[in-house]
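> I have a structure here, written as structure tokens, and I will follow up with some questions on it.
None of the figures in this text is laboratory data; all of them are computed from the coordinates on show. Quantities reported herein were computed from a predicted structural model and do not represent experimental measurements. Reconstructed Cβ throughout: ideal geometry from the backbone, glycine too, with neighbour counts over all protein chains shown.
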Amino acid sequence: MLDAFSNKLKDIVKSIRKLSIVDIEKVNELLDELTSALIEADVNIDLAIAMVNKVRENALNEKLPPAVSRLDYVIKIIHDELINLLGKKNYPFEPDQNKLNILMFVGVQGSGKTTTIAKSALYWKRRGLNPGIIGADTFRPGAYIQLKQLVESHDIEVFGEEKTKQDSEKIAQKGIKYFKEKTKVNLIFIDTSGRHKEEKGLLKEMERIAKKINSDEIILVIDATMGQNAFSQANAFNATTKIGSIIVSKMDGTARGGGALSAVAATGSKIRYIGTGEKTDDFERFDPERFVERLLGRGDISGILEKVTNAGMFDQSEDIIEAFKKGKINLRIWRSQMESFSKMGSLGKLLSMFPGMGSKLPAGFDQTSKESLKKIIAITNSMTAEELDDLHPSKKLKQSRRERVAKGSGTTTQDVQGLLKNYEMAVNAMKRLRKDRGKGKGMLGGLGGLDGGNFPGME
């Protein structure tokens, strides 16, 4: 997301850090570069200039305590003002698990509304709720079928009719009645007609349906490719409903996402989530501070933990947890956690959330990492139980053993050596993370060395 802007931002920060003294002229040149980078990301020019002017005023003129470096303070203010530009804070949705929660989704034609509903339903199912979907988009042929296809493998029920002449509100009412009376669903997502190409007609229909179904929240889906043009749509929506929030979709496919986010934030609207890809897993809570941390290349460890924990992919047996706490990770455990990560979708997107990793992943990383995982499984399947359980397998697997494992797995001794080196990097990374964070979150170390340099097949 916003890779070009992120790279320019990191270059600007790096240039500021390289200054040995506070060179006001040079700092101003770099801040001019920041203005240009924001405008290239389709941030409204007035918003971009106003933000950078705040940085100049606060960072260069404010009196600082003796222990605070002026250059470090410039970087801090850039960080803080970017967060302000993107809405200052996150707005978590907190459904009441003891009642039926009803969310109505609206969006102009082509906004990605239907896919976003499927992503939202899966997101909350993984957090312990029992979602159901009502396909009330009676205008677009195939919307109901699309919803069913997106969520059928996740055991999420979709209510609707494939061919119907009924109005959206009638389908919605029937669906609510069905879920209330015949299921244990406690969170309903309603897909409404995306027939409108502009917000005026959309909002009129939204008000009409909202009166009939008494929804707890109305969610507008905005396409990130709109860039700063999202302002008018978000502003009109925000003025129409007091129970509204916004999801910005398609953040992965455009350089204009920064413009869309800043434009929506400028209206005072609540941005709850963003869509980051085509898969149902490509969906995350929007937190301006965490988002800026990733833009700056500092990673998003909280986001990683939230993603992997809520996905429920990891072996959380007492033996495994204890091994991570003590840092005693053998090849058997490491392999199982690698397999768990692979089930979560794009490893590249997950790794981009690690500090400093976003710009280091080579082209075609996801495909290469899948092929490498196959080699890991083949190589470790050719090892003995004693070798898999050893905490120092590089010492145990001398050349003769490596040749035996390579022959048994259909790989090379170089592949076996690469795996052992990668395993050691993973364990060391886990130990560093435990030391830095002090929380024993060792599962993250399972991805150590995935920058393409040491995986078998990734040389």
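> Would you mind checking K174/K204; K212/K242; K163/K204; K89/K177; K10/K242; K174/K211 for any pair whose Cα atoms are more than 26 angstrom apart?
K89/K177; K10/K242
> Going by average Cβ density within 10 Å per residue, which order do the peptides 22-34, 38-50, 240-252 take, highest to lowest? Don't skip to the answer; put the middle values down first.
Values: 22-34: 14.8, 38-50: 18.9, 240-252: 20.6.
Order by mean packing, descending: 240-252, 38-50, 22-34.
> Can you give the % of DSSP beta bridges in segment 217-280 that are antiparallel, to the nearest 5? Could the numbers behind the result be given before it?
Numbers: 0 of 9 bridges.
Expressed as a percentage, antiparallel bridges in segment 217-280 total about 0.
> Something else: Of the DSSP beta bridges with both residues in segment 101-298, give the percent that are antiparallel, rounding to the nearest 5. Write out the running numbers ahead of the final one.
Working: 3 of 29 bridges.
Percentage antiparallel, nearest 5: 10.
> If R0 is 41 Å, what FRET efficiency do you get for K242 and E278 from their C-beta distance, rounded to 0.05?
Values: r = 33 Å, r/R0 = 0.80.
E(calc), rounded to 0.05, equals 0.80.
> Using a basic spin-label model with each label point 7 Å from the Cα along Cα→Cβ, how many nm lie between N28 and R126?
In this crude label model, N28 to R126 measures out at 4.9 nm.
> In nm, what is the difference between 0.36 nm times the number of residues separating R298 and N58 and their Cα-Cα distance? All intermediate terms of the calculation are to be shown ahead of the outcome.
Numbers: separation 240, 0.36 × 240 = 86.40 nm, distance 2.30 nm.
Stretched out fully, the R298 to N58 stretch lengthens by 84.1 nm.
> So how do 70-81, 174-185 stack up, highest first, on mean other-Cβ count within 10 Å?
Working: 70-81: 18.0, 174-185: 15.3.
Going by the mean number of other Cβ atoms within 10 Å, highest first, we get 70-81, 174-185.
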